[in-house]
Amino acid sequence: MLHETRSRIPLPFAALLLLVASSACAARQEATAKPEPAAAHWSYSGDTGPDHWGTLDEAYFAAAKGVAQSPIDIVTGAAIEAQAPALVFTAASVPLTIVNNGHTIEVDCAAGNSVQFGSQTYALKQFHFHSPSEHTLDGRNAALEMHMVHKMADGHAAVVGVLIQEGATNAAFDAIWQHLPATPGPEVTVPGVTIDPTSLLPADRGYYFYDGSLTTPPCTEGIRWFVLKTPIQMSSGQIAAFRKAYYGNNRPVQPHHARIVLRTP
Ligand SMILES: [Zn+2]
């Protein structure tokens, strides 16, 4: 009970907006950085693994020098409750366009889906998966994690992370899982198949919020992270199907440095 009281520090919404504004500035600076001709190869193990990302390519400097890197371990009892706006998702059915890009399996989304956070609207660009999860809750990984990558028109990005635990079969993933490309290759649009990405989300969209980065090179900072508090489930068979393509495509958790994690009530 004491613990609970301590974590309920009232935080004015203005402070949250200030946090958001500072992360937005970082993203704008990244967006205007000079483009690199060809990015260096990276992986999840050995000489090109996460410990080496920061030195593989000048463009990956944030992986080594950044102070707001993702993913992180979320200590749920230490997250500060804030009266933050709800995430409001706009649903739309889009063609299933899927690719195994050598690092993950990614579904690229035609225009239509978006998420609204306060006065800001972000369009869903793609979603992809990591196994095991990249974010941990109180030190524990989930079986998988889905990242829904959203962008505003000016390039600012927000990622919604959804933890996936082993449990009941999740029929919402059937259309995607029936077309998982087992090996890297070109993107494919599956004829006659449409998906509604919002159908993959848990009913409760309460979240943990913090200021972080891309979790893959170039590990660009200035990304707003919303990790949903409620996990979804998948059967062991569904988890195994993804792991046939990828297991261990998760960057280890990064230092918090001076960051705080907010949470919705
Ligand atoms: Zn990701």
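The values are calculated or read from the model by the stated rules, or taken from the named source; none is laboratory data. Everything quoted here is computed from the prediction, not taken from an experiment. When we count neighbours, we look across all protein chains shown, and the Cβ atoms used for this are built from the backbone with ideal geometry, even at glycine.
Could you list, in sequence order, all residues of region 81-129 that are over 29 Å from T264 (Cα atoms) and without any contact (Cβ under 8 Å) to a residue 24 or more places away in the chain?
A110, the sole residue that qualifies.
Only residues in region 130-154 that are more than 16 Å from the ligand (Cβ to nearest atom) count as the first member; pair them with residues that are among the β-branched types (V, I, T) and in a loop (DSSP other than H, G, I, E, B), Cβ under 7 angstrom, at least 6 apart or cross-chain, and list the lot.
Once the first residue is more than 16 Å from the ligand (Cβ to nearest atom) and sits in region 130-154, its partners that are among the β-branched types (V, I, T) and in a loop (DSSP other than H, G, I, E, B) give D138/V75.
For region 83-129, which residues satisfy the criterion of being within 16 Å of the ligand (Cβ to nearest atom) and either among the aromatic types (F, W, Y) or in a loop (DSSP other than H, G, I, E, B) (or both)?
N101, G102, H103, T104, C109, Y122, F127, F129
Answer yes or no: is there a residue in region 52-72 that is charged (D, E, K, R) and in a strand (DSSP E or B).
no
G161 - would you say it is small (G, A, S), more than 27 Å from S70 (Cα to Cα) and part of a strand (DSSP E or B)?
The answer is no for G161.
More than 16 Å from the ligand (Cβ to nearest atom), part of a strand (DSSP E or B), over 24 Å from S70 (Cα atoms) and in contact (Cβ under 8 Å) with a residue 24 or more places away in the chain: does that describe L180?
no
Pairs please, first residue from region 42-58 and at pLDDT 95 or above, second anywhere and basic (K, R) and assigned to a loop (DSSP other than H, G, I, E, B), Cβ atoms under 6 Å, 6+ apart in sequence or on different chains.
From region 42-58, the pairs are P50/R251.
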